[in-house]
Amino acid sequence: MLEVSDIHVSYGKVEAVRGVSLTVKPGKVTLVLGANGAGKSTTLKAVAGLEKPTSGTIVLDEKPITGMPPHAIVRRGIALVPEGRRVFAPLMIHENLRMGAYTAPKSSYDETLAKVYEMFPILSDRSHAAAGLLSGGEQQMLAFGRALMSQPKVMLLDEPSMGLAPAVVDSILTKVRAMADSGIGILMVEQNAEAGLDVADDVVAIARGEVVFTGPATSARDNASVLRAFLGEAALAGQ
Ligand code: ATP
């Protein structure tokens with residue numbers, strides 16, 4: 001279990017995250033909602049070690065990881081799938097996947113790769129294609145696969161549906177659910193609140209760097225008016 005307690009993160013004099021606490025349980029999806037600039041990406045970056053909290057603690061399976069460098073955090077079992085996917089476009093799919101495995105034991109490489117190919121058959125079918133030739137949805141699956149190659153306990157997903165057509169968003173979020181169902185804890189930032197709530201177990205809403213709502217996804221839906229007040233109409237379009 002990942003436990004983030006009262007973290008603060010600043011960019012110079014600007015405090016972007018002001019006392020965020022959340023938990024991510026194995027096999028569950030915690031959805032982070034919030035308007036632009038609320039501090040969602042910064043929260044994920046702090047967990048991944050890309051930004052250092054000025055205070056607060058981040059604990060994975062009862063061991064503190066606060067302030068550790070990113071590579072050490074990957075080794076502890078936390079994989080970030082960044083906003084915009086950032087696959088290595090000129091490299092082939094299987095080469096992108098290999099890069100995700102650099103912290104994992106070599107002995108389990110083939111087994112992990114087989115699991116990734118089973119979950120994402122398109123990656124297996126096109127394993128020797130350059131990643132840059134894939135569609136946006138396929139690149140997102142490759143970014144998931146690359147993260148899975150590190151054998152994570154927790155995955156941090158930053159806006160996985162960004163820029164994708166609605167039908168593709170559904171298939172991506174179905175994969176998010178499948179990854180959670182395999183036992184991985186998932187912390188997901190998603191602007192598309194409606195679609196995100198469909199696969200989430202728990203919700204944390206952030207406004208101006210502070211948590212304004214925390215609870216099960218079902219109660220977040222019931223409290224749409226509360227969320228609307230914090231997030232604005234756009235985040236709840238379709239409700
Ligand atoms: P978005 O959905 O727009 O990505 P977000 O909720 O992920 O928003 P963050 O990216 O975490 O928000 O940004 C939180 C605040 O920190 C914003 O005010 C933003 O302008 C600021 N910020 C983010 N990154 C930096 C940076 N590298 N340097 C300075 N300020 C930053």
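If you check Leu80 against the conditions, is it modelled with pLDDT of 90 or more, outside any helix (DSSP H, G or I) and open to solvent by less than 60 Å² (accessible area, probe 1.4 Å)?
The answer is yes for Leu80.
Restricting region 25-72 to residues that are polar (S, T, N, Q), within 15 Å of the ligand (Cβ to nearest atom) and open to solvent by 10 Å² or more (accessible area, probe 1.4 Å), which is farthest from Val204 (Cα to Cα)?
Checking each candidate, the answer is Thr54.
Take residues that are modelled with pLDDT of 85 or more and under 15 Å from the mean Cα position of the chain (by Cα) and tell me which of the strands (runs of 3 or more DSSP E) falling wholly in region 177-239 contain 1 or more.
185-189, 202-207
Could you tell me which residue of region 6-22 is farthest from the ligand (Cβ to nearest atom), considering only residues that are closer than 9 Å to Val204 by Cβ and surrounded by fewer than 22 Cβ atoms within 10 Å (Cβ to Cβ)?
Checking each candidate, the answer is Ser21.
Scan region 104-113 and tell me whether some residue there is hydroxyl-bearing (Ser, Thr, Tyr) and crowded, with 16+ Cβ neighbours inside 10 Å.
Yes, some residue in region 104-113 is hydroxyl-bearing (Ser, Thr, Tyr) and crowded, with 16+ Cβ neighbours inside 10 Å.
Only one of (1) under 14 Å from the mean Cα position of the chain (by Cα); (2) within 18 Å of Met149 (Cα to Cα); (3) open to solvent by less than 50 Å² (accessible area, probe 1.4 Å) fails for Leu97. Which number is that?
(1)
For region 119-172, name all the residues that are charged (D, E, K, R) and either part of a strand (DSSP E or B) or away from the ligand (no atom under 16 Å from the Cβ) (or both).
Asp125, Arg126, Glu138, Arg146, Lys153, Asp158, Asp170
The values are calculated or read from the model by the stated rules, or taken from the named source; none is laboratory data. For clarity, every value in this text was computed on a predicted model and none was experimentally measured. Virtual Cβ from ideal backbone geometry, glycine too; neighbours counted across all protein chains shown. Areas reflect the complete protein model, heavy atoms only, side chains present, ligands, DNA and RNA absent. Shrake-Rupley method; radii C 1.70, N 1.55, O 1.52, S 1.80 Å.
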